[in-house]
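J.: Got a structure for you, written out below as C-alpha cells; questions coming shortly.
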Amino acid sequence: MDMQNLQNQLEEVQSQLETLKKGAAENKVAIIAFSGDMDKVLASFVIATGAVAMGMEAVMFFTFWGTPVLRDKNKSAGGKDLMGKLFGAMLPKGAGAVKSSKMNMGGMGTAMMKAVMKKKNIASLEEMIALAEELGVRIYVCEMSMDMMGFKREEFIDYKGLDFAGVATFLAEAQNAKVQLFV
Amino acid sequence: MDMQNLQNQLEEVQSQLETLKKGAAENKVAIIAFSGDMDKVLASFVIATGAVAMGMEAVMFFTFWGTPVLRDKNKSAGGKDLMGKLFGAMLPKGAGAVKSSKMNMGGMGTAMMKAVMKKKNIASLEEMIALAEELGVRIYVCEMSMDMMGFKREEFIDYKGLDFAGVATFLAEAQNAKVQLFV
Amino acid sequence: MDMQNLQNQLEEVQSQLETLKKGAAENKVAIIAFSGDMDKVLASFVIATGAVAMGMEAVMFFTFWGTPVLRDKNKSAGGKDLMGKLFGAMLPKGAGAVKSSKMNMGGMGTAMMKAVMKKKNIASLEEMIALAEELGVRIYVCEMSMDMMGFKREEFIDYKGLDFAGVATFLAEAQNAKVQLFV
C-alpha cells in the first residue's frame, strides 16, 4: 500500500461518482397528458404548476385526446382531408370546450363544476394554462397524434415553451425526471 | 502529488457522495388516487399494500373522484351550501358505494365483480382499506378537492395515518419516491 | 493524518459508492397496463417500444381490463365456471377486439380510427404487439386478474417473454426502473 496506489483508487472512485451523478434524476416532473377530460387535464396542470412552485421543473406531453385541448378556438387550418375534418369537428376545440369525465350529464355537470370552481376561486383550465406558461412549464404536442387526427401546427394556442415532438423526445426528458405520470 | 492533496480530493469525494445520498430516491411508492372507480381504487390499494409487504413505504393522495371514496357512510356534515349538498348526494358515499369503470351495467356488473372477488377470496375495497391501515399505508386527502366538492373533515373515515393536505405536500413526498403512479 | 487513515476513509467511500450503485435506477420503463381501451393499450406499446428503440429496457404488467387484450382469439380454455364463462364472453377477446375509450360510437369510431391509422401508416395494436415481441419488451400477465376473470394460461397469445406473475414480481421490477406509468 503506497501513495500511488491510493491515488489510483481515488481516481477510480471519482470516475464512478461522475457516472452516478450523470445518471441521477433531475428535479423534474414529466406528465403524459393523454386524457382530454377537463378534470384530468386540470389535475395535470395543478401538478405541473405546483411542481414549479416547489422549485421543480415541469414538462408535459400532450398526446391522443389531450392533443385537441391545446387547440386555439380562434384558429383554424385548411387543407384537411375528410378524416381530419371529422376529427376536427368531433373533438373539443380548446380548453374551454372540454368535458368532465364524470357527472358531465350532457354538459350540465361540467358547467356546474366550472361554476363551483369560479365561486371557490379555483383556477379554470384556461387560467391554469396561462399560469403554466408564466411559470415556464414546457409543453410538447405529440406529432403522431397530430398526424392521426389531422391537426396542423397553426391550429394550436400561442404558448411560450410549446413544441412539437415525438415520443422519443419526451422519453429522453422523462427518463431523467424524478416523477413521471400518465394522466 | 502529496498526502495533503490526496486528503483534499478525498474530502471532495465525500462531500459529493453526501449530496448524492441526499438526492437518492426513498424506497417508497406514491400513488395519486384520482379515479373513484372501484376497479382503479382497488388496484391502487393492491399496489400500496403489496409495496409495504415488500418492505417499501406507501403513501396515497386521494383527489377529485377519489376523494368521496374515503367518506364514512355513517357520518355526515352540516353547514353545506347547495353545491356541496349536490356533490354530496351525487358522489358515492364511501368504499361500499363505488362502481366499476367497466361492465357496471347499472350496478349489475359491479355486484357480479364483488361476488366473484368474495368467492375467490380477493379482498373487497373495504377490507383493502383496513389492511392498508394495518400495514401503515399513509393517506392524504386533497384539500382543493374537498373545497370544490364541499366535503368536511368530519365526513371521512377513521383511519390512522390519514391527513388532509394540498398538492405541494404530496409532491414533496412523491419527489423522492422510487415509484409514482397516477391512477 | 497518515496513510492508513486515508486508506480507511477511501474504503468507506468505496463501500458507500457500492450501496448507491446498487440502489440506482435501471434504464427501464415499467408500465402497468390496467386499461383495456384500444387507445390506451396502443399508447402503452408506443411508449414501451419507443423506450427500447432508445436503448432502454421495457416491461409491462397487464392487469384488470388489460388482461383480456392479450388473449388469443383462436384459443380457448375449458373447465370454466359460470362466472369465468361470463367474463370470457363479455370481455374483448384479444387485441383485434378492443374498443376506443372515446368516440367509440358503437364501434364506428374505433373502426374510423383503425382506418386512419392504416392510411397514415401508424401500426395497429396487433402490429405493435408483434414489434414489442421482436424488440424484447417483456410482459407479465397479472395472476390475480386471471383468477378473478377466470382466464387460463392456455388462452393467451404466444409471445416470447410473456410470463404470469403477481403484483410483487412487477413491483420488484418497477422499483428500480427510471420510469413507471399506470395506464
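J.: Provide an ascending nm list, one decimal, of label-point separations from A:M90 to the equivalent residue in each further copy; define each label point as 7 Å from Cα along Cα→Cβ.
T.: Here A:M90 shows inter-copy label distances of 2.6, 2.6 nm.
J.: Restricting to bridges with both residues inside the protein assembly as shown, how much of the DSSP beta-bridge set is antiparallel, in percent to the nearest 5?
T.: 5 percent
J.: Label-to-label distances across copies for C:D147, with labels 7 Å out along Cα→Cβ, in nm, shortest first?
T.: Its label point is 4.3, 4.3 nm from the equivalent points in the other copies.
J.: So how strong a dipole does segment A:56-156 carry about its Cα centre when Lys and Arg Cβ are +1 and Asp and Glu Cβ are -1, to the nearest 20 debye?
T.: Numbers: 15 positive and 11 negative charges, 110 e Å.
Rounded to the nearest 20 debye, it is 520 debye.
J.: Could you compute how much accessible area chains C and A hide from each other, both sides summed, with a 1.4 Å probe? Nearest 100 Å² is fine.
T.: On the way: alone 10890 and 10870 Å², together 18180 Å².
That pair of chains buries around 3600 Å² in total.
J.: On to the next question. Please average, across the residues of C:3-10, the number of beta carbons from any other chain that are within 10 Å of each residue's own beta carbon, and give a whole number.
T.: Per residue, the number of nearby Cβ atoms from other chains is 5 on average.
J.: May I pose another question? Calculate the mean, over all residues of peptide C:19-30, of how many other protein chain Cβ atoms lie within 10 angstrom of the residue's Cβ. List each step's numbers first, then the result.
T.: Working: counts 3, 8, 4, 0, 6, 8, 8, 1, 2, 1, 4, 1.
Average neighbour count from other chains, rounded to a whole number: 4.
J.: Hey, what's the protein assembly as shown come to in accessible area per residue, 1.4 Å probe, Å²? Intermediate values should be presented prior to the final figure.
T.: On the way: 22120 Å² over 549 residues.
So the protein assembly as shown comes to 40 Å² accessible per residue, rounded to a whole number.
J.: Taking N as the number of residues in segment A:66-105, what is its Cα Rg relative to 2.2 N^0.38 Å?
T.: Values: Rg = 11.5 Å, N = 40, 2.2 N^0.38 = 8.9 Å.
Rg over 2.2 N^0.38 Å, computed on Cα atoms: 1.28.
J.: Using a 1.4 Å probe, how large is the accessible area of C:R71, given in Å² and rounded to the nearest 10?
T.: 10 Å²
J.: Separate question: Which order do the peptides B:91-102, B:40-51, C:42-53, A:72-83 take when ranked by the mean count of other beta-carbon atoms within 10 Å per residue, highest first?
T.: Top to bottom by mean Cβ count within 10 Å: B:40-51, C:42-53, B:91-102, A:72-83.
J.: Quick one: helix B:108-119 against the long Cα principal axis of chain B, what's the angle to the nearest 10°, folded into 0 to 90?
T.: 60 degrees
J.: Using a label point 7 angstrom from Cα along Cα-to-C-beta, what distances in nm, from shortest up, separate B:A168 from the other copies?
T.: Sorted ascending, the copy-to-copy spacings read 4.0, 4.0 nm.
J.: Give me Rg over Rh for the protein assembly as shown, both radii from the alpha carbons and Rh done the Kirkwood way, two decimal places.
T.: 1.00
J.: How crowded by other chains is A:72-79, given as the mean number of beta carbons from other chains within 10 Å of each beta carbon?
T.: Per residue, the average neighbour count from other chains is 0.
J.: Here is a further query. Quick one: with all protein chains in place, what share of the accessible area of chain A is carbon or sulfur, to the nearest percent (1.4 Å probe)?
T.: Taking all protein chains in place, chain A shows 53 percent carbon and sulfur surface.
J.: From the alpha carbon gyration tensor of segment A:25-182, can you work out the equivalent ellipsoid semi-axes (sqrt of 5 times each eigenvalue) and give them in Å, largest to smallest?
T.: Taking √(5λ) for each eigenvalue gives 24, 22, 13 Å, largest first.
J.: Where does helix C:125-135 land angle-wise versus the long Cα axis of chain C, in degrees 0 to 90, nearest 10?
T.: Compared with the principal axis, the helix lies near 30 degrees.
J.: Buried by at least 40 Å² relative to the chain on its own: which residues of segment A:156-178 qualify, computing accessible area with a 1.4 Å probe on protein heavy atoms?
T.: The answer is A:V167, A:L171, A:Q175, A:K178 - residues whose exposure falls by at least 40 Å² when every protein chain is included.
J.: Okay, helix-only estimate at 222 nm for chain B: each DSSP H run of n ≥ 4 adds -39500 (n - 2.57), divide by all residues, round to 500 deg cm²/dmol; what do you get?
T.: Taken over chain B, the calculation gives -14000 deg cm²/dmol.
J.: Nothing charged except the Cβ atoms of Lys and Arg (+1) and of Asp and Glu (-1): what's the magnitude of the dipole of segment A:1-70 about its Cα centre? Round to the nearest 20 debye.
T.: 320 debye
J.: Separate question: Any chance you could give the angle, 0 to 90 degrees and rounded to 10, that helix C:3-23 forms with the longest Cα principal axis of chain C?
T.: Tilt of helix C:3-23: around 0 degrees.
The values are calculated or read from the model by the stated rules, or taken from the named source; none is laboratory data. All values reported here derive from a predicted model rather than from experimental measurement. Cβ sites come from the backbone with ideal geometry, for glycine too, and all protein chains shown count toward neighbours. Each accessible area value is taken on the protein alone, full model and side chains, heavy atoms only, with ligands, DNA and RNA left out. Shrake-Rupley method; radii C 1.70, N 1.55, O 1.52, S 1.80 Å.
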